[in-house]
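Just below is one structure, and these are the notes that go with it.
The values are calculated or read from the model by the stated rules, or taken from the named source; none is laboratory data. All figures in this text were calculated on a predicted structure; none of them were measured in a lab. A quick note on method: Cβ atoms are made from the backbone with ideal geometry, for glycine too, and the neighbour counts reach across all protein chains shown.
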Amino acid sequence: MQQLLNGIFIGSIYALFAIGFTLVFGILDRLNLAHPAVFAASAFVGIELVERGGLSLWAALPIVFVFGAVVGLVIERVAFRPLKNRADAHFAGLISSIALAGMLIALLQWRYGPDTRRFPPGSFPDTRFEVFGAQVTLVQVVILVVSLALMVGLTYMVTRTRLGRGMRAVAENPTAARVLGVNVDRVTAVTFAISSALGAVAGVLFAINVNTAQLGMGAAIELKGLAVIIVGGMGSLPGALIGGLLLGLAEVFAVQYIGSSWVNVIAFGLLFVILLLRPQGLLGARKVREV
Amino acid sequence: MLDQYATTLTFIALGAIFAYSFYAVLIAGQLSLGQAGFASLAAFSGAYLAPADVADVPALLIAVAIGMSVGALGAVVLGLPTMHLRGVFLAIATLGFAEAVRVVLLNQEWTGGAQGLGVPRVLTVGMAWTALALVAYWFWRMGRSRYGRALEAIREDELAARSMGIDVGRHRLAAFITAGAVAGLYGVLYAYYVRLIAPNDFDFVAAVEGLVTAVVGGSTMFLGPLLGSGFQTIVPEIQRAVGVEAGWIRPFLASLLLLVVILFLPGGLASLIPRRTRMPSGDGDDSAAGLAGRRHPAAGEPVVTLAGLSKEYGGVHAVRGVDLEIRAGEVVGLIGPNGAGKTTLVNMVSGLVPPSSGSATVLGTTIGSTPVHRIAAAGVSRTFQHSKLFNRLSALENVLVGAHLVSRPTFLRRLLWLPSARRDERAALRQAARCLERVGLSELAGSRAEALSYGDQRRLEIARALASDPSLLILDEPAAGMNHVEAARLSELIRSLARDGLTILFIEHNVGMVLQTCTRVVVLNFGEVIASGAPDEVAADPAVIEAYLGSADDDAGESPLAGDARSGATAAGAGDAPPDAVANVRPGAAGTLDTPDTSRDAT
């Protein structure tokens, strides 16, 4: 039971991270590899807000959300918009976002140094609950609630609001969307902002969950994020949620029953099987090729 | 003097070889990150299996042989199940493979696990650069061979490449295997240089670095990976030399430079090197050595036989129950209002779309499960409604790809500089030049296809389709976007092709031109054939007039269509059409919006 809950907690963070990833891919067809750098940066920023700003953990979350959104706008502006009309936009976008991620990580190193950082002692409330005989901290509950709330909010926004309709229109066909009066550039920018804001919150929650922030934490979750969005179905939001939870659970149980050194084989074994059997992912739609 | 820079130079060579393993697939438009896995497998198996009781250099050579075989084998094993994946999906699947390899090797005893495996240092700067030169030579000779062009065509437009008769699956797999072998070479050389290899040397970061090197250098020119590796290796060295302190500044500047290169040099560093565009040489003295000819069906033999052919898209009957026979030498015009199913019909005939029911035989090939490239090989060639040119290739290269089916493979002979390869390439060039001349594009042979005007692009598509010496030529709205002078010229071209014995099936909205050009007109409406026959009969058919202009009752006078038809038909009979005989009538087109082709498959 304890393992099940742990799997859900970590899985919800994976899902939140992956949803940001898949949002950009699903709507804009671009893989933003600066996303993991946002994840790492926000963890450091979150720690600094608590440590120096004296904010409580919860007050830091919205600020980090805004921080992520701003970084997302920068990423779109610098790494993606200049490339949008190029024939090789796909490859070039990958590389330019890798470059931007490298710059971001270098800046983190400048400001925070190369060492692992932690939240100041006493920043976590030590309230604990007992659920079906398993220990759950308040922090873990908050992680789950925040993740789920953001995902529900995002789903509502994409399916019900005007902005969300614009996003889906751009996803279908950017040219037609433009002809019909959708401001494609603005929708694109907002998509990046939301995506990075989600990634940022995921970064802080991750840092809270394990109480560390490292420069390499983005790279560590990057592979998992990629696996999750493939398993769930590229561009599918509920797919990323399910994929994230699945991966969280698989990891926790793999550690317990097989050994920690094989964890990544589980994730990628799963990924590989899915790709072979159902390339569009669990919940992805198969794109019809145009002739 | 060289000693001082030996380490840097060796790493440039190693980095370049690894980047070539990415280049090998990027040139075919495939994004793979599995090379780290191939390199890892090769490094460990090569170092582990190489005999210990021979001298250093033979041991290295044996290890290289083992490593390259293992890498190629790994590519086959990974490639067969994943070749249907595209773009990012392929990248992530191959990345998954590389990660799995890393974790498995990490948990093996013979690899030394995380501690790694000790390997003697055998590799010298000279050896590394020799290996690099061989790899670069391979890709240099590949560039202008038939095989190299086919890979580039697949990168630019896979569907069009298929229609030119290129077996995309086999070519992609071949590119993948090359990548595996080159990555294997890199793995072994790396192992014999750094003394100690661990599975973590071939992780995700390493794979991304290899990809970045290849893209920064430029993935469309064979020198790209070398330039990329030089750039990636020298930038940190220069920073150290000029005294930039370690820490955050170095990675920051390196990333910044990478960003600048990718944003401002679209073709990578290699785009700084001017690229010679090849032109057909004027001396056509050895004209005897032409391309392999094709036996065309004699006039009157059936070329296309359709029986009850239907296509449904989820309840929508795009085409239903079409029976049609086209005989050799005919010029058949397929007309009908928008959405009548014309394009679906020709897509079925050319094998791009399998029919839902009914049967079709085209040049002796049964349509349905036959792959597109086989149908092309039987002698079918086509153009597309929305131009599907190989955009970043020159006009001449586009047509050379079109000649894929009638030219002979030249890559292996080019590696050995055999004169026969040169002869074959020249013959293909002449064929391409002739096709360009025929459509009047000789002057623009060296221009990139994407830089041509719309009308020129349509003509280039026709030249490309002609290059394969087809028996059946299918044109999908060839005159779209042409003015009446150009359309009249196109009409003359089509008739001259028919005189050469080609059978032609073409869709066109310019009814005047169709009536003037064709020997037979087939009218499609709501997926069914409503009329078929000689141009003037069809133009007078009440059913056709109704399909185009609505009910015939309120149209007491002479319909514009019929009038146009009459003048067109007489003009065709007289043989000297005034340029304005072809009125650009597009009935049924009003109020429809053809969205441009925005299929975003980047690979």
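Could you tell me whether B:V125 is more than 24 Å from B:A72 (Cβ to Cβ) and without any contact (Cβ under 8 Å) to a residue 12 or more places away in the chain? Against the criterion (more than 24 Å from B:A72 (Cβ to Cβ) and without any contact (Cβ under 8 Å) to a residue 12 or more places away in the chain), B:V125 does not qualify. Check whether at least one residue in region B:320-338 is within 29 Å of the chain's Cα centre (by Cα), modelled with pLDDT under 90 and either of a type in the set (G, A, S) or crowded, with 19+ Cβ neighbours inside 10 Å (or both), and report yes or no. Scanning region B:320-338 turns up no residue that is within 29 Å of the chain's Cα centre (by Cα), modelled with pLDDT under 90 and either of a type in the set (G, A, S) or crowded, with 19+ Cβ neighbours inside 10 Å (or both). Take the conditions over 26 Å from the mean Cα position of the chain (by Cα), over 20 Å from B:F384 (Cβ atoms) and not assigned by TED's automatic domain parsing to the domain that holds B:R392 and apply them to B:V522. Does it pass? In short, no.
Would you call B:L352 surrounded by fewer than 21 Cβ atoms within 10 Å (Cβ to Cβ) and within 14 Å of chain A (Cβ to nearest Cβ)? Yes: the conditions hold for B:L352. Which condition number in (1) surrounded by fewer than 24 Cβ atoms within 10 Å (Cβ to Cβ); (2) of a type in the set (S, T, N, Q); (3) touching a helix residue (DSSP H, G or I) at 6+ places or on another chain (Cβ under 9 Å); (4) at pLDDT 85 or above is the one that B:S567 fails? Answer for B:S567: the failing condition is (4). Annotation: of all residues in region B:210-222 being in contact with a Phe, Trp or Tyr (Cβ under 8 Å, 6 or more places away or on another chain), in contact (Cβ under 8 Å) with a residue 60 or more places away in the chain and not small (G, A, S), the one that is farthest from the other protein chains (Cβ to nearest Cβ) is B:F222. The set of residues from region A:95-149 being within 14 Å of another protein chain (Cβ to nearest Cβ) and not in a helix (DSSP H, G or I) comprises A:G113, A:P114, A:D115. Pick out the one residue from B:S21, B:S32 that is under 30 Å from A:D88 (Cα atoms), of a type in the set (S, T, Y) and within 14 Å of chain A (Cβ to nearest Cβ). Every option except B:S32 fails the conditions.
When B:T366 is tested against (1) surrounded by fewer than 18 Cβ atoms within 10 Å (Cβ to Cβ); (2) over 24 Å from B:A467 (Cα atoms), exactly one condition is not met: (2). Taken as a whole, the condition of being under 24 Å from the mean Cα position of the chain (by Cα), surrounded by fewer than 20 Cβ atoms within 10 Å (Cβ to Cβ) and in a loop (DSSP other than H, G, I, E, B) applies to B:G446.
Reported count of residues in region A:241-253, each being within 14 Å of another protein chain (Cβ to nearest Cβ) and more than 12 Å from A:I10 (Cβ to Cβ), is 1. A count restricted to region A:88-113 and to residues that are under 15 Å from B:V88 (Cβ atoms) and polar (S, T, N, Q) stands at 1.
Contact map, region B:72-84: residues that are closer than 17 Å to B:F22 by Cβ and within 14 Å of chain A (Cβ to nearest Cβ) paired with residues that are surrounded by fewer than 16 Cβ atoms within 10 Å (Cβ to Cβ) and aliphatic (A, V, I, L, M), Cβ distance under 8 Å, separation 6+ or inter-chain. Pairs shown: B:T82/A:L276. Is region B:225-248 home to any residue that is of a type in the set (G, A, S), within 25 Å of the chain's Cα centre (by Cα) and modelled with pLDDT of 75 or more? Yes; the residues of region B:225-248 include at least one that is of a type in the set (G, A, S), within 25 Å of the chain's Cα centre (by Cα) and modelled with pLDDT of 75 or more. Evaluation of A:G181 against the conditions (1) more than 29 Å from B:A100 (Cα to Cα); (2) assigned to a helix (DSSP H, G or I) shows that the sole unmet condition is (2).
Residue-by-condition table, conditions (1) under 19 Å from A:T137 (Cβ atoms); (2) touching a residue at least 12 places away in the same chain (Cβ under 8 Å); (3) part of a helix (DSSP H, G or I):
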residue: A:L5; (1), (2), (3): yes, yes, yes
residue: A:G11; (1), (2), (3): yes, yes, yes
residue: A:L33; (1), (2), (3): no, yes, no
residue: A:A37; (1), (2), (3): no, yes, yes
residue: A:A41; (1), (2), (3): no, yes, yes
residue: A:V45; (1), (2), (3): no, yes, yes
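A:S56 versus (1) over 20 Å from A:Q214 (Cβ atoms); (2) of a type in the set (S, T, N, Q); (3) crowded, with 24+ Cβ neighbours inside 10 Å: which is the lone unmet condition? Unmet condition: (3). Could we say that A:A267 is surrounded by fewer than 24 Cβ atoms within 10 Å (Cβ to Cβ) and at the interface with chain B (Cβ under 10 Å from one of its Cβ atoms) here? Criteria not met by A:A267.
Every residue, every condition in (1) buried (at least 17 other Cβ atoms within 10 Å of the Cβ); (2) more than 11 Å from the chain's Cα centre (by Cα); (3) more than 26 Å from A:F268 (Cβ to Cβ), yes or no:
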| position | (1), (2), (3) |
| --- | --- |
| A:V182 | yes, yes, yes |
| A:V187 | yes, yes, yes |
| A:V190 | yes, yes, yes |
| A:G203 | yes, no, no |
| A:V210 | no, yes, no |
| A:Q214 | yes, yes, no |
| A:M217 | yes, yes, no |
| A:I221 | yes, no, no |
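In region A:62-82 there is no residue matching the filter, namely being at pLDDT below 85 and either farther than 23 Å from A:V201 by Cβ or more than 22 Å from the chain's Cα centre (by Cα) (or both).
Only residues that are within 14 Å of the chain's Cα centre (by Cα) and at pLDDT 90 or above were counted in region B:370-387, giving 2. A single member of A:E76, A:E48 is buried (at least 24 other Cβ atoms within 10 Å of the Cβ) and among the acidic types (D, E), and it is A:E76.
Residues in region A:71-87 that are at the interface with chain B (Cβ under 7 Å from one of its Cβ atoms) and assigned to a loop (DSSP other than H, G, I, E, B): A:R86, A:A87.
Consider region B:92-106 and keep the residues that are more than 8 Å from chain A (Cβ to nearest Cβ) and hydrophobic (A, V, I, L, M, F, W, C). The one that is farthest from A:W262 (Cα to Cα) is B:A98. The residues of region A:150-169 include none that are within 14 Å of chain B (Cβ to nearest Cβ) and of a type outside the set (G, A, S). Just one residue in the set B:G358, B:G364 is free of Cβ contacts under 8 Å to residues at least 24 places away in the same chain and more than 14 Å from every other protein chain (Cβ to nearest Cβ); that residue is B:G364. Look at (1) crowded, with 24+ Cβ neighbours inside 10 Å; (2) over 21 Å from A:E76 (Cα atoms) and you find that A:A176 fails only one, number (1). Within region B:35-63, the set of residues being farther than 30 Å from A:L94 by Cα, among the small types (G, A, S) and either touching a Phe, Trp or Tyr at 6+ places or on another chain (Cβ under 8 Å) or not assigned by TED's automatic domain parsing to the domain that holds B:E99 (or both) comprises B:A47, B:A63. When we screen A:E172, A:E222 for residues that are within 14 Å of chain B (Cβ to nearest Cβ), acidic (D, E) and within 27 Å of A:V145 (Cβ to Cβ), the only hit is A:E222.
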